[in-house]
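Here the structure is laid out as structure tokens; the discussion comes afterwards.
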Amino acid sequence: MAKKRRTPQEASIDPSTQEMLILADDLGIGTAFSRADDMPPCPIGADGMCCKICSMGPCRITKDGQTGVCGATIDTIQARNLIRAIAAGAAAHSDHGRDMAFTLKAVANDETEGYVIRDVAKLRTLAALYDIPIDDRSPKEIANDLADLYIAQFGQQNGRVVLTKRAPEKRQKLWEKQGVMPRGVDREVVEALHRTHIGDDQDYEHIMHHAVRTAIGDGWGGSLIATDVSDILFGTPAPVLGQANLGVLKEDYVNVVVHGHEPTLSEMIVAASQTPEIIEYAKEAGAKGVQLSGICCTANEILMRQGIPAAGNFLQQELAILTGAVEAMVVDVQCIMQALVGLADNFHTEIITTSKKVKIRGATHIQFDEHKALTIAKDILRHAIDNFKNRGKVQIPDMRTDLVPGFSHEYINYMLGGSYRASFRPLNDAIMSGRIRGVAAIVGCNNPRSQHDHLHTYVTKELLKQDVLIVETGCSSIACAKEGLLLGEAGLDRVGPGLREICETIGIPPVLHMGSCVDNSRILTVLTQVVEEGGLGDDIDQVPAVGLAPEWMSEKALSIGTYCIASGAYVIFGGSSPVSGKPTRVPDSDLVTQFLSKGWEELYGGKLEFIPDPDEMIKATLEHIDKKRADLGLPEYDPDRFGESGDARMLELEALPLTERKEAIYGLPVAGD
Ligand code: NFS
């Protein structure tokens, strides 16, 4: 018997998503939402109790004392499943980083079309950090050497991934001591696969030890390379005005949606869409021009740098096609649903795959090649424009929200003191005084198993009321953007008084959009700079900060979570735990779960917990922040202590008659003038 389907309101809190789900129902078209309803998760696999590593199985460990055919215990099986997921996530991020490094190399050697080095200052800063000579050398010469150094990190066999030197010194020493300093990005991923082959590593703690090394190779290796090179080639983000939600699609324009993760092609499509020949071509086809928008992290990449609107997050990819207004959805790698092709058959939309690594049966493949990037980008756009005439009925939800993205760590440093005295000092001071209680990074995916966008926005809003500054990346940031939380004026009436003062003084929204998921590396850099600034301990595990992935679903999220823990953070995942299965009723039999929390905390000061209930998530976050404040000897957080000196208070005072205003300011009765 089919499981009961959720109503659109139960499936998503986003009205534009609800509108499209009603349309999907009317048209009899399935989406990830309805497929999730029809396909309850396998309870054995979901809890990590199934081993299918060899063909003696799959073995299902559901009874007391049961083992796999080879004798594998539940903890070994759970640890093996988990590290394989972490390795896949680390591989995805890092392979993205590798491609970026090769693009930088090609740009440095004049082998590409359309790319330039946009952020020479960042290139020089990074090169100097690795002792690459920068004096009297052209940007391309420096870029060539930096690209070589970065490319070498993937296949390096011994030593340590060079980017790890950007972690706090104490943390680096800890990694050395624990033996988890990654040697080379690829080496750790390969070893994770080797160790989990039948008959290899059978000790869950030992397996998890290597999971940490693999994940550090992602966060402080592959992902950091991806972010660095993207900034060098496309510019380090600074605040711009953008928009988010399906209403960014325009009825009288050719709509091209870029979806996936790597900015190499999408940036070139942005450039091509602004050329006179393409605009002219679109007009000849009867459209006003080309409207570009993004889904998932490709959206974040071009939103952060160019202000190109985001049509939505992960669960809205199918819904964009349901509008009937999308001429082409151009995809590269990661988070692309195979269902897009079948869904697009109901409309005129063409799904165009572009990566050498990703093809989908039934999609059009136009292979991207950075050596002819601009030419290919124009080809893709012409393809989309030619499809405009095939458009049928259109229904675009009239919903879009403004936001200000673009908070790179370089910009955060700058905004706190301007170019004259850029520094993290004001942020540290605000945390130390208690104006800001602590920091939460809320990141990660949507998951159709939970109400779309609800957990991201609920947790964000509740923590803002508690004076917690929020930084976001990935699909979480798009969820909160749609709620208006990424825009100063719109968001500030919903935040605590101390945090509000800080946001007003600096002129920032209370939720800072720091980019795509590979850009979680930016959060690591911010935390390191906070530590180096002084006053909040000498390592990341002492900072009153928490990482949350309330609606996670991807293996990349597990890798991100693990490298954050290895860096000292407390990480909370919503939804279900992939290691929660307990076949025995013996107390403390959940060895892996215990180890990820207590074990990792002892070793790294960071821990991983799966907490499905959002109120419990918030409680755990605040408790952790307050504990870290107490450990640092900072004043206890007091919600009533601040909030009397910000712009809002000044506006209130200005509204008062002069005598009353003086009285309010000086605290004493003042004789009338
Ligand atoms: Ni992150 Fe970005 Fe979104 Fe999840 Fe997918 S797009 S890399 S994995 S779904 S946040």
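In whole percent, how big is the carbon plus sulfur part of the accessible area of the chain, probe 1.4 Å, protein atoms only?
Details: 13460 of 25880 Å².
Here it works out to 52 percent.
Pairs K105/K556; K582/K607; K250/K556; K607/K627; K461/K619; K482/K556: which are spaced more than 22 Å apart, C-alpha to C-alpha?
K105/K556; K250/K556; K482/K556
Would you list the P(r) distribution for the range 84-146, with all Cα-Cα distances sorted into 10 Å bins from 0 and each bin expressed as a whole %?
Each 10 Å bin holds this share of Cα pairs: 21, 43, 25, 11, 1.
So for the range 1-119, considering every pair of alpha-carbon atoms, how many percent are separated by more than 24 Å? Mind showing how you got there, number by number?
Values: 4364 of 7021 pairs.
Looking at the range 1-119, the distances longer than 24 Å represent 62 percent of pairs.
Just order 591-601, 473-483, 543-553 by mean Cβ neighbour count inside 10 Å, highest at the front, would you?
Top to bottom by mean Cβ count within 10 Å: 473-483, 543-553, 591-601.
What's the ranking of 213-222, 171-180, 617-626 by average number of surrounding C-beta atoms within 10 Å, highest first?
Those peptides, ordered most packed to least, come out 213-222, 617-626, 171-180.
Estimate the FRET efficiency between L27 and L241 by the formula 1/(1 + (r/R0)^6), using the beta-carbon distance for r and 25 Å for R0, to the nearest 0.05.
Numbers: r = 35 Å, r/R0 = 1.38.
With a Förster radius of 25 Å, E is 0.15.
For the range 21-140, what's the relative contact order in percent, using C-alpha pairs closer than 8 Å and at least 6 residues apart?
Reported as a whole number, the value is 12 percent.
Would you mind giving the average projected area, over all directions, of the Cα convex hull of the range 8-60 in nm² with one decimal? Walk me through the intermediate numbers first.
Details: hull surface 20.8 nm².
Answer in nm², one decimal: 5.2.
Pop out the ³J(HN,Hα) list for the range 536-541 in order, Karplus 6.51 cos²θ - 1.76 cosθ + 1.60 with θ = phi - 60°, rounded to Hz; leave Gly and Pro as x.
So the J values, rounded to whole Hz, are 10, x, 10, 7, 4, 5.
Given the Cα-Cα distance of A121 and R137 and 0.36 nm per residue of separation, how much length would full extension add, in nm?
This chain segment gains 4.5 nm when fully extended.
Can you tell me the length gained on complete extension of the stretch Y414 to D345, counting 0.36 nm per residue apart and subtracting the Cα distance?
Residue separation times 0.36 nm, minus the Cα-Cα distance, leaves 20.0 nm.
Report D for the range 209-321 in µm² per second (integer): Stokes-Einstein, Kirkwood Rh on Cα pairs, 25 °C, 0.890 mPa s. Present the calculation step by step, with values, prior to reporting the outcome.
Numbers: Rh = 15.3 Å.
Reported coefficient: 160 µm²/s.
To the nearest 0.05, what FRET efficiency results for K4 and R494 with a Förster distance of 45 Å applied to their C-beta separation?
Step by step, r from the Cβ atoms, then E = 0.85.
Between the range 59-73 and the range 401-469, what's the alpha-carbon centroid distance in Å?
Distance between centres, Cα-based: 45 Å.
Are there any helices in the chain, counted as whole DSSP H runs, that stretch 27 Å or more along their axis by Cα and score at least -1.0 on average by Kyte-Doolittle, and if so which?
Qualifying helices: 74-108.
From the Cα trace of the chain, what convex hull volume per residue do you get, rounded to a whole Å³?
Convex hull volume per residue, Cα atoms: 180 Å³.
For the ranges 17-23, 66-72, what's the packing order if you count other beta-carbon atoms within 10 Å of each residue, average per peptide, and put the highest first?
So the peptides 17-23, 66-72, ranked by packing, come out 17-23, 66-72.
The values are calculated or read from the model by the stated rules, or taken from the named source; none is laboratory data. Nothing here was measured: the structure is a model prediction, and the numbers come from that model. Cβ coordinates were reconstructed from backbone atoms using ideal geometry, including for glycine residues, and neighbour counts include every protein chain displayed. Areas reflect the complete protein model, heavy atoms only, side chains present, ligands, DNA and RNA absent. Shrake-Rupley method; radii C 1.70, N 1.55, O 1.52, S 1.80 Å.
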